[in-house]
Amino acid sequence: DLTLELSDKANFVIAADSVGAGIGEVVLYASGSSARQTTMTDKRPVDHCVMAIVDEFDVNGSLVYHKASGFGDPEERDA
């Protein structure tokens, strides 16, 4: 889990990956019954599922993360 500033939270989630995300990518995940709504997870005992790879996001109009340019890369912020 990340904060809106892309800092690591103390907790983590283990999720089935239905989109082929790579290590270090920022992703969105679904939990509960919503996690079982993909063809990969249908009728399987899944509680969390990666459903999207984030390309960019902003908070209150300010760009926080942009994958293609590396802006806001969590790996760089921790260095």
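Looking only at residues that are under 14 Å from ILE23 (Cα atoms) and assigned to a loop (DSSP other than H, G, I, E, B) in the range 63-79, which one is modelled with the lowest pLDDT?
Among those that are under 14 Å from ILE23 (Cα atoms) and assigned to a loop (DSSP other than H, G, I, E, B), it is ASP73.
If HIS48 satisfies all but one of (1) touching an Asp or Glu at 6+ places or on another chain (Cβ under 6 Å); (2) modelled with pLDDT of 95 or more; (3) not hydrophobic (A, V, I, L, M, F, W, C), what's the number of the condition it fails?
(1)
Just give me the residues in the range 14-32 being at pLDDT 90 or above, loosely packed, with under 13 Cβ neighbours inside 10 Å and part of a loop (DSSP other than H, G, I, E, B), in sequence order.
ILE14, GLY20, GLY22
Please work out which residue is nearest to VAL64 (Cα to Cα), limiting yourself to the range 1-53 and to residues that are among the charged types (D, E, K, R) and touching a residue at least 40 places away in the same chain (Cβ under 8 Å).
Restricting attention to the range 1-53, the residues satisfying the condition of being among the charged types (D, E, K, R) are 1, 5, 8-9, 17, 25, 36, 42-44, 47.
After this cut, where a residue has to be touching a residue at least 40 places away in the same chain (Cβ under 8 Å) as well, the list is 5, 8, 25.
Values: GLU5: 7, ASP8: 15, GLU25: 14 Å.
Among those residues, the one meeting the criterion is GLU5.
Can you find, within the range 33-51, the residue that is farthest from the chain's Cα centre (by Cα) among those that are closer than 14 Å to GLY20 by Cβ and exposed (fewer than 14 other Cβ atoms within 10 Å of the Cβ)?
Top of the filtered list is THR39.
Do the conditions hold for LEU63, that is, is it touching a residue at least 24 places away in the same chain (Cβ under 8 Å) and either exposed (fewer than 10 other Cβ atoms within 10 Å of the Cβ) or not small (Gly, Ala, Ser) (or both)? Even if it seems obvious, please write down each step before you answer.
On the way: touching a residue at least 24 places away in the same chain (Cβ under 8 Å): no; either exposed (fewer than 10 other Cβ atoms within 10 Å of the Cβ) or not small (Gly, Ala, Ser) (or both): yes.
No.
The values are calculated or read from the model by the stated rules, or taken from the named source; none is laboratory data. Just so we're clear, the structure is a prediction, and the values are computed from it rather than from any experiment. Quick reminder, even Gly has a Cβ in these numbers, built from the backbone with ideal geometry, and neighbours come from all protein chains shown.
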